[in-house]
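In what follows, a structure is listed as structure tokens, so that the remarks can point back to it.
The values are calculated or read from the model by the stated rules, or taken from the named source; none is laboratory data. Keep in mind that this is a model prediction, so the values were computed, not measured. Note: ideal-geometry Cβ built from the backbone for every residue, glycine included; neighbour counts use all protein chains shown.
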Amino acid sequence: MVTIITIYAFLVVCLALSIWKSKEKTTQTFKLSAKALWNMAPSLLAIVGLVGLILGVLPPETISSLLGIEAGVAAPIAAAIIGSITLIPALVSFPLAGSLLDSGATVITITVFITTLLMVGTVTAPLEIKALGKKFTLLRNGLSFIAALIIAAVMGVILG
């Protein structure tokens, strides 16, 4: 609770300084932020709804059998592949990860899912190839995939 109060107090101080420095820029920034939130809202609501539906339909035992220790090595590999091809904002992936972890998924599976989700860009690869080249894109995504597996293994040892 103290952390939350500290963060909000810091935010209020920063907002007050921003308004004091330039009320016009602060207002403009809030308008841009509101517009961005409005544009993202349908996607965020759809993802949150889908996650809620999945967690509501699948009992924790099923999630545990698919993503838990019983699934063995298949769970982290499947999570890595799904994370690599899924385009979900990080803001949504963290609560999803928490829900899956509470339902019986392993730390390794959740870690590899989030890490590949954020580091590997299969969906965005065509754009990246145009901007940075095919060799760079394939090398970056391949190394990111391998790094995600290593990070998940380390987190499994530390937190598992």
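Whether any residue in segment 124-145 is loosely packed, with under 15 Cβ neighbours inside 10 Å, under 18 Å from the mean Cα position of the chain (by Cα) and not in a helix (DSSP H, G or I) is what I want to check. Yes, segment 124-145 contains at least one residue that is loosely packed, with under 15 Cβ neighbours inside 10 Å, under 18 Å from the mean Cα position of the chain (by Cα) and not in a helix (DSSP H, G or I). Across segment 68-96, the number of residues qualifying as at pLDDT below 85 and of a type in the set (A, V, I, L, M) comes to 8.
Scanning segment 23-73 for residues that are exposed (fewer than 12 other Cβ atoms within 10 Å of the Cβ) and either of a type in the set (Phe, Trp, Tyr) or closer than 20 Å to residue 100 by Cα (or both) yields 38, 45, 46, 49, 53, 56, 57, 72, 73.
So, residue 62, is that one over 24 Å from the mean Cα position of the chain (by Cα) and of a type in the set (S, T, N, Q) or not? In short, no. Residues that are touching a residue at least 60 places away in the same chain (Cβ under 8 Å) and under 15 Å from the mean Cα position of the chain (by Cα) within segment 74-123 comprise 80, 83, 84, listed in sequence order.
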